[in-house]
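Asks: Can you read through this structure? Questions will come right after.
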Amino acid sequence: MSPLFYPEKDSWDWDPSSREISNIDQWKLDFNEVQEFVVSPDGQKVAAVVQNEDETFTPCINGETWENSFEKAWSLKFSPDGRLFCLGMNDDEWTIIEDDRPWEDSFEYVWNLKFSQNGKGAGANIRTSDGYGVLLNGEVWENKFVQMRSVELSPDGVSAAGNIQIEALSEGDVAKFRQGLWNIAVDGKPWDSNFLNVWDCSFSSDGGIVAAEVRLVSGRQTIAVDGKAWKNDYRAVWKPIFIPGSRDVVAPGLTTEGWKLLLNGEPLWNKSYNQIWRQTIGPDGRKLAAVVSPEFGQWTIAIDGISWAKTFGDVVLDPVFSSDGKRTAAGVKESGKWTVAVDGTPWPEKFGMVWDPVFSPDGKHVLAKAWRDDSYMLVVDGKITGPAYENLFDFVFSDDGTKLLIKCVENGLCFRKVIFSKDLT
Amino acid sequence: MGLPAIPIVSDLGLDETAKALNTEQIATVVNRILDQETAARFKVYLNTCVHCGLCSDACHWFLSNDRDPRFSPVGKVKQTLWEIIRKKGHVSPEFMKDCSRIAHTECNVCRRCSMYCPFGIDIAYLLLVVRRICHELGMVPQFLQDTVNSHSVTMNQMWVKQDEWIDTLQWQEEEAKGEIKTSRIPLDKEGADVFYSVIAPEPKILAQLIGNIAQIMAVAKVDWTMPSLDGWDNSNMAMYSGDFEIMGRVERAHYESALKLKSRRIVMGECGHAFRGAAYDGPKWLGWREPPIPLIHAVDFYHELLTTGRIKIAKKFETPVTVQEPCNIVRGRGLGQKLREIISMVCEDFRLPEPGLEHNYCCGAGGGTINCGPPWKTSRVKGNRVKAEQLAATKAHIIITPCHNCHSGIEDIISGYKLGMHVKFFSEILMEVMEVPDELKC
Ligand code: SF4
Ligand code: SF4
């Protein structure tokens, strides 16, 4: 539950209140089948794919179904700006449906529906009779490829990239595979050079550059930026990220001394670890945190190369920064129990599952959604706050931090609650 | 009288690689691996072995090849590592071809021999070091390498494309709904109790197994999910070819997928080697002491469903059955007793194999051996005559095995030795005997 960017947030209803959005238990009586619930960013709508009497599927929003229905429908999602999307199929043709309007073109298959960071772009992978490609904001890439296995959208939502297979390969053809049949296409155009493998990629903050993890030959992996491999290579690498507003790329790489964090192919922290991943840039665009394993089976967060004193035996998830960048928190697991650690100190309360923590805008408080004993709860600074929920969706602070929007399910009813942040503690 | 010649098998992956290698390259790789990658136990094992040969009787290859010492565990180490070390890595490409034959195709890394060695030497580990050296030289049987190539591209072992995967799940959900109306395969559901993962032969050629699990989950009312994107395949042939970097990437994809969906545990379908990769080798390479999310093998899961009464048995299966106990979950994890209990719970006439439990013989297909493909099938089947004899002695008609490799390997043995038996996964038997409440029936 990382703090998402919601473009319309200012216009939401921030009056403190508790409002029932829909009796979702009633839906289970009204329809043959009710699938998983999703809630709009502003909490005003709850939706799920449902099955009609005629056995077709359609999204239901606050108890009302769309006019369009489908033989199959899935991947129901609200975009950050509040539009409701799903993937639907009729007569073996799939498309994206946005707020009950199917997009113009349909395809043999559509999957991996994604939104850009600013909420404006929506895209997905597609298969057509001509091959694989990307559908972005209603436009289909002109070039199609033998195969495609990912799509990343630029932060502004106007560009898309993903890994492509450039030539067909018969099963068992190890010699041809060794030639390197994988590449990245950005807006449908492949880079100049191919690689043995290409995995995850990332866009720069302005959307102009793409970096990807690539394998040159067996046992030699590196990062390629706009198609050009770093001059150094490693036994293994993980997904790169860009430092905002720059061409600089940060990625972990496995050297003979262990895993290191690398900046443009050179060691950044001058330290090696048993593992390092989940590197995250702070809100100032400079501070860098990552999950590190200083010793086998021990995990913690390092910020600019300085590790928390406390390590955790099982798992440490993505570091989350406060908005001033001074504090960090992460979901952690030790001895089979999950909790949140803030600046290296774990909350004493333990849970069956925790979601990524969220800092209050002033950085003073840390909130997290947690699950224990069959119910969901909101945990504030380590204390369970409010009731046990049947379901709890993401929560959002108002920009000034004085209010908190909670979207939850209690007794079969979906609620939207706005409370004063000061009442949380 | 000398030993019979080992039949020459041509394999592109070995023959072509040998042409391009020289002794210097081999020595460089050998010395790097031995200096930088082997753990302290490697030297201890090598120095402790007293060459007594007590491990020989453990190995199905040795027993099935008329006690030919070349197939004994210590014989395999002698012909490979000892020689490599004695020559400080200065061995020929032809020699490395033999190493790959021995380590990749004539050892299932089943670890039965460790139980017979008075010092508990992990001979399978030593042969995995040989595999690692072979991999670093590109000396890997063609079909095994192709499987690893598939893992590297798709994170699954059978080149299944992303759209094919999702399409198959949606198709199987429909099929399951035709039998049990509440069946679903919830895709990407966040916070589910169970993240269910499978191995690629299921969507590729055995899709009904996915439909079966959808029905079982519906009857047992399990809160579960499957991911739409990569990370759904829990298998790992890179672990067995010696490509640990790809092994790590594949295992990370599996766990990241479950961590992202906030699943509380991973239940994996019926496979043994996949359990080993996901429970031990993968996490260890990545730095996790234990899997980051509890990993439950299908045998454990079915045991839970049956003993808690979430699945009830309408009428027990009557045909005589026996079991092929997969090394990686029985010897490797101690699930043998639970496996026998669940079979007894659903089958009327369960005939125990001898030897059994952790002393069971390997199916002969595990350890990546079956993935070495058609060129090596004859020697693989010949190398497991003892398994055929063991199964035939039970006089059962059906062999239950909760493992994909065992399933295919035992099928080859049944046809190779004309046993006239059939192999089934446990879930296939469960589907036949499970009680389905009337309100769930179509
Ligand atoms: S096949 Fe099994 S028993 Fe034989 S050498 Fe390999 S690990 Fe040992
Ligand atoms: S039983 Fe142990 S000590 Fe004896 S030969 Fe085998 S590995 Fe060596």
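The values are calculated or read from the model by the stated rules, or taken from the named source; none is laboratory data. All of these numbers come straight from a predicted model, not from anything done at the bench. Quick reminder, even Gly has a Cβ in these numbers, built from the backbone with ideal geometry, and neighbours come from all protein chains shown. These area figures cover heavy atoms from the full protein model, side chains too; ligands, DNA and RNA do not enter into them. Shrake-Rupley method; radii C 1.70, N 1.55, O 1.52, S 1.80 Å.
Asks: Can we say B:Gly368 is crowded, with 20+ Cβ neighbours inside 10 Å and assigned to a loop (DSSP other than H, G, I, E, B)?
Replies: Answer is yes for this residue.
Asks: So B:Asp188 ticks every box in (1) free of Cβ contacts under 8 Å to residues at least 60 places away in the same chain; (2) more than 22 Å from the chain's Cα centre (by Cα); (3) within 12 Å of chain A (Cβ to nearest Cβ) but one. Which box is left unticked?
Replies: Here B:Asp188 clears every test but (1).
Asks: Here's another thing I want to ask about it. Would you check which residues across region A:349-401 are under 23 Å from A:Lys9 (Cα atoms), open to solvent by less than 40 Å² (accessible area, probe 1.4 Å) and within 14 Å of chain B (Cβ to nearest Cβ) and list them?
Replies: A:Trp355, A:Asp356, A:Pro357, A:Ala368, A:Lys369, A:Leu392, A:Phe393, A:Asp394
Asks: Ok, one more. Quick check on this structure: which one of B:Asp98, B:Asp163, B:Asp167 is among the charged types (D, E, K, R), more than 16 Å from ligand 2 (Cβ to nearest atom) and away from every other protein chain (no Cβ under 11 Å)?
Replies: So the residue among B:Asp98, B:Asp163, B:Asp167 that is among the charged types (D, E, K, R), more than 16 Å from ligand 2 (Cβ to nearest atom) and away from every other protein chain (no Cβ under 11 Å) is B:Asp98.
Asks: Please verify whether region B:73-82 includes one or more residues that are away from ligand 1 (no atom under 16 Å from the Cβ) and either more than 23 Å from the chain's Cα centre (by Cα) or assigned by TED's automatic domain parsing to the domain that holds B:Ala200 (or both).
Replies: no
Asks: Is it the case that B:Asn371 is within 14 Å of chain A (Cβ to nearest Cβ) and within 16 Å of ligand 1 (Cβ to nearest atom)?
Replies: Criteria met by B:Asn371.
Matching residues to (1) under 20 Å from A:Trp299 (Cβ atoms); (2) at pLDDT below 95; (3) touching a helix residue (DSSP H, G or I) at 6+ places or on another chain (Cβ under 9 Å):
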{"residue": "A:Phe351", "(1), (2), (3)": "yes, no, no"}
{"residue": "A:Asp356", "(1), (2), (3)": "yes, no, no"}
{"residue": "A:Phe359", "(1), (2), (3)": "no, no, no"}
{"residue": "A:Gly363", "(1), (2), (3)": "no, no, no"}
{"residue": "A:Ala370", "(1), (2), (3)": "yes, no, no"}
{"residue": "A:Leu378", "(1), (2), (3)": "no, no, yes"}
{"residue": "A:Gly386", "(1), (2), (3)": "no, yes, yes"}
{"residue": "A:Glu390", "(1), (2), (3)": "no, no, no"}
{"residue": "A:Leu404", "(1), (2), (3)": "no, no, yes"}
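Asks: I need a count of the residues in region A:165-176 that are polar (S, T, N, Q) and either buried (at least 19 other Cβ atoms within 10 Å of the Cβ) or farther than 23 Å from A:Ser218 by Cβ (or both).
Replies: 1
Asks: Return the residue satisfying two criteria in turn: it lies in region B:62-86 and is away from ligand 2 (no atom under 14 Å from the Cβ) and buried (at least 21 other Cβ atoms within 10 Å of the Cβ), and of such residues it is nearest to B:Asp98 (Cα to Cα).
Replies: Going through the qualifying residues, I end up with B:Ile84.
Asks: Which ones in region B:280-309 are farther than 13 Å from B:Lys338 by Cβ, open to solvent by less than 10 Å² (accessible area, probe 1.4 Å) and in contact with a strand residue (DSSP E or B) (Cβ under 7 Å, 6 or more places away or on another chain)?
Replies: Selection gives B:Leu286, B:Gly287, B:Pro292, B:Ile293.
Asks: So, one more: Inside region A:321-332, can you point out the residues that are open to solvent by 10 Å² or more (accessible area, probe 1.4 Å) and part of a strand (DSSP E or B)?
Replies: A:Phe321
Asks: Which residues, counting only those in region B:109-128, are open to solvent by 10 Å² or more (accessible area, probe 1.4 Å) and either more than 11 Å from ligand 1 (Cβ to nearest atom) or within 17 Å of the chain's Cα centre (by Cα) (or both)?
Replies: If the condition is that a residue be open to solvent by 10 Å² or more (accessible area, probe 1.4 Å) and either more than 11 Å from ligand 1 (Cβ to nearest atom) or within 17 Å of the chain's Cα centre (by Cα) (or both), then B:Cys110, B:Arg111, B:Pro118, B:Phe119, B:Gly120, B:Tyr125, B:Leu128 are the ones that fit.
Asks: What number of residues in region B:239-269 are touching a strand residue (DSSP E or B) at 6+ places or on another chain (Cβ under 8 Å), more than 20 Å from A:Gly313 (Cβ to Cβ) and of a type in the set (D, E, K, R)?
Replies: Within region B:239-269, residues that are touching a strand residue (DSSP E or B) at 6+ places or on another chain (Cβ under 8 Å), more than 20 Å from A:Gly313 (Cβ to Cβ) and of a type in the set (D, E, K, R) number 2.
Asks: Applying the selection to region A:27-54, what residues are among the polar types (S, T, N, Q) and open to solvent by less than 40 Å² (accessible area, probe 1.4 Å)?
Replies: A:Gln35, A:Ser40, A:Gln51, A:Asn52
Asks: Of the residues in region B:1-39, how many are without any contact (Cβ under 8 Å) to a residue 24 or more places away in the chain, exposed (fewer than 10 other Cβ atoms within 10 Å of the Cβ) and within 14 Å of chain A (Cβ to nearest Cβ)?
Replies: 2
Asks: Among helices (runs of 4 or more DSSP H) lying entirely in region B:232-346, which contain 2 or more residues that are away from chain A (no Cβ under 14 Å)?
Replies: Here the list reads B:238-241, B:273-276, B:298-307, B:327-330, B:336-346.
Asks: Any residue at all in region B:311-328 that's open to solvent by 50 Å² or more (accessible area, probe 1.4 Å), within 21 Å of the chain's Cα centre (by Cα), under 29 Å from B:Asn65 (Cα atoms) and outside the structural domain of B:Gln215 (by TED's automatic domain parsing)?
Replies: no
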